[in-house]
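Written out below as structure tokens is the structure these notes cover.
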Amino acid sequence: MAVKKFMYVNRKAPYGTVYALESLEVVLIAAAFEQEVTLAFLDDGVYQIVRNQNPKLLGMKNFSSTYKALGDYDIKQLYVERESLIERGLTEDDLMDITYEDEGDDWAEKSSLTIVSRAEMAALMAAQDVMFSF
Amino acid sequence: MKYTLMVNEGPYQHQSSDTAYHFAKAALAKGHEIFRVFFYHDGVNNGSRLSVPPKDDRLVQKQWSDLAQQHGIDMVICIAAAQRRGLMDTAEAKRQGLDAHNIAPGFRISGLGQLIEGSIESDRTIVFGD
């Protein structure tokens, strides 16, 4: 089977709607297909990977730890749009530590997150074969 | 060209299902192939056979069923999304010990792998959603 470049674009807040949770379910299944997988976080989607989430009072399941496990699924390309962070008063320090172990570098733990500009995000999108937007 | 379509919103509430349907019809009329239509999120509700809209409105679910029947389109409802929202075929209802099933003709319930496989097999994947 041919390897395609898949991008999962996350644009919505983690709670309030089910899109973020169900997007993650697609990503975890997709990992089994040995395709090139990239995640993008923009607009309110940047809230999905903010640290210290606590939706307990909402009666919702806190699924944010799943993002941290993505490295174990060999998903290590997570791009975050800088403008979306700035527009929401967020910085890189507000984001969870999402890492993977680099097998080519003696399993060193490296960050899966890359902050990119809106223009760089557009270029990344243009290079994909398949895009899913949630 | 070979297409896989993804429908992410429910019938009537949102136009995405109608738009996907019209796209599928137009593509088929031009000689293209619809490899698969995958229903996700509230889009799974497009596969309920118990929808009864007012007489002067379109029948969203039936439109899909008829299209599948006429053109042999593979229409897949995501099982995880369907379980959350109460969409059942006979096998799933039995497995869950439920007293009813409601899936419309032409739809089948399967996993998310069908979406990824469809996107690998198709020339284009188009997402119809919010």
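Summary of computed values
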item	result
Listed residue pairs exceeding 30 Å between alpha carbons, taken from A:LYS56/A:LYS76; A:LYS61/B:LYS25; A:LYS4/B:LYS25	A:LYS61/B:LYS25
Separation of alpha-carbon centers, region B:1-28 and region A:54-78, rounded to whole Å	30 Å
Prolate/oblate/rounded label for region A:5-133 (Cα gyration tensor, a/c 1.5)	rounded
Sequence of A:ARG82, B:ARG49 once ranked by neighbouring C-beta atoms within 10 Å, starting from the fewest	B:ARG49, A:ARG82
Amide H contacts under 5 Å for B:ILE77, placed H, 5+ residues apart	B:PHE39, B:ARG108, B:ILE109, B:SER110
Inter-part distance where region A:93-114 and region B:72-129 are each reduced to a Cα centre, Å	35 Å
Candidate lysines for bridging to B:LYS30, where Cα separation is under 18 Å - those fewer than 8 sequence places away on the same chain excluded	B:LYS2
Karplus-derived 3J(HN,Hα), 6.51/-1.76/1.60, for each residue of region A:28-39, Hz, glycine and proline x	5, 5, 4, 4, 6, 8, 6, 9, 7, 10, 10, 10
Kirkwood-based shape ratio for region B:2-128, expressed as Rg/Rh from alpha carbons	0.96
Sorted by Cβ density within 10 Å, fewest first, the residues B:HIS22, B:HIS14	B:HIS22, B:HIS14
Total formal charge among the other residues, if their Cβ is under 13 angstrom from that of B:SER16, Lys/Arg +1 and Asp/Glu -1	-4
Descending semi-axes in Å of the protein assembly as shown, equivalent ellipsoid built from Cα gyration tensor	34, 21, 18
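Bear in mind that the values in this text are calculations on the coordinates, not laboratory data. Worth saying up front: this structure is predicted, and the values here are computed from it rather than measured. All Cβ positions, glycine included, derive from the backbone under ideal geometry; neighbour counts span all protein chains shown.
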